[in-house]
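Working notes, beginning with the structure itself.
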């Protein structure tokens with residue numbers, strides 16, 4: 001919430017000073033961001049909603065559409081989890097830290113990603129926050145996931161810790177056709193009476209957005225809302 005309020009104030013100042021929309025965008029995007037992308041095995045599945053294509057195929061289409069409009073104004077880094085040479089819960093990979101004009105790099109990395117493994121989303125967000133040096137600098141983390149924590153992490157507990165120790169960190173969660181598995185044994189914080197992914201704790205605990213998406217267009221809009229730069233005026 002602190003980051004959002006600060007963004008609004010800065011944008012208002014920009015317009016009061018007669019700056020154009022591009023200048024206001026640059027001010028709003030002064031905080032670096034990390035995109036945390038779910039590459040777990042479920043992203044390689046097809047469903048009634050996706051038809052003959054997989055979730056990751058549609059997610060890639062959304063990334064290709066959204067990132068070119070985001071990257072010119074905000075430094076963005078990329079972290080993925082799921083596939084890799086280690087155990088199913090141990091593949092959390094910082095592909096690169098916040099980088100200028102990162103659209104092509106993000107698209108290239110996600111085009112090459114082959115979904116596999118489980119969902120250590122809590123550890124992934126923790127590493128993304130560390131990459132942003134969250135204790136000393138403002139930052140934004142955007143988690144795109146189709147499911148729940150499945151590796152024993154406690155996102156609600158971690159969100160409280162991050163909020164208490166961060167300089168100015170906001171975590172947004174974009175649920176892309178997220179399915180809650182109430183029978184998952186390694187998701188200790190999931191409420192069996194709540195059909196919402198436990199990852200929502202991350203956004204609720206840091207003043208971020210929680211956005212549910214079902215279509216490519218909705219995912220594009222969610223990426224623009226969370227990674228992009230709001231212009232007030």
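A few notes on this one:
- For residue 157: the one exception among (1) touching a residue at least 60 places away in the same chain (Cβ under 8 Å); (2) within 21 Å of residue 206 (Cβ to Cβ): (1)
- Yes/no for residue 68 being surrounded by fewer than 21 Cβ atoms within 10 Å (Cβ to Cβ), at pLDDT below 95 and not in a strand (DSSP E or B): no
- Scope the range 114-128; condition surrounded by fewer than 22 Cβ atoms within 10 Å (Cβ to Cβ) and within 13 Å of residue 36 (Cβ to Cβ); matching residues: 123, 126, 127
- Every condition in (1) farther than 20 Å from residue 59 by Cβ; (2) surrounded by fewer than 22 Cβ atoms within 10 Å (Cβ to Cβ) is met by residue 139 except one, and the failing one is (2).
- From the list 104, 128, 62, 124, the one residue that fits, being closer than 22 Å to residue 219 by Cα, in contact with a helix residue (DSSP H, G or I) (Cβ under 8 Å, 6 or more places away or on another chain) and either at pLDDT 95 or above or in a loop (DSSP other than H, G, I, E, B) (or both), is 62.
- Residue within the range 112-119 that is at pLDDT below 95 and under 15 Å from residue 199 (Cα atoms) present: yes
- Criterion applied to 145, 196 was being under 18 Å from residue 92 (Cα atoms) and at pLDDT below 95, and the one residue passing it is 145.
The values are calculated or read from the model by the stated rules, or taken from the named source; none is laboratory data. Because the structure is predicted, anything quoted here is derived from the model rather than measured. All Cβ positions, even for glycine, are placed from backbone atoms using ideal geometry, and neighbour counts span all protein chains on display.
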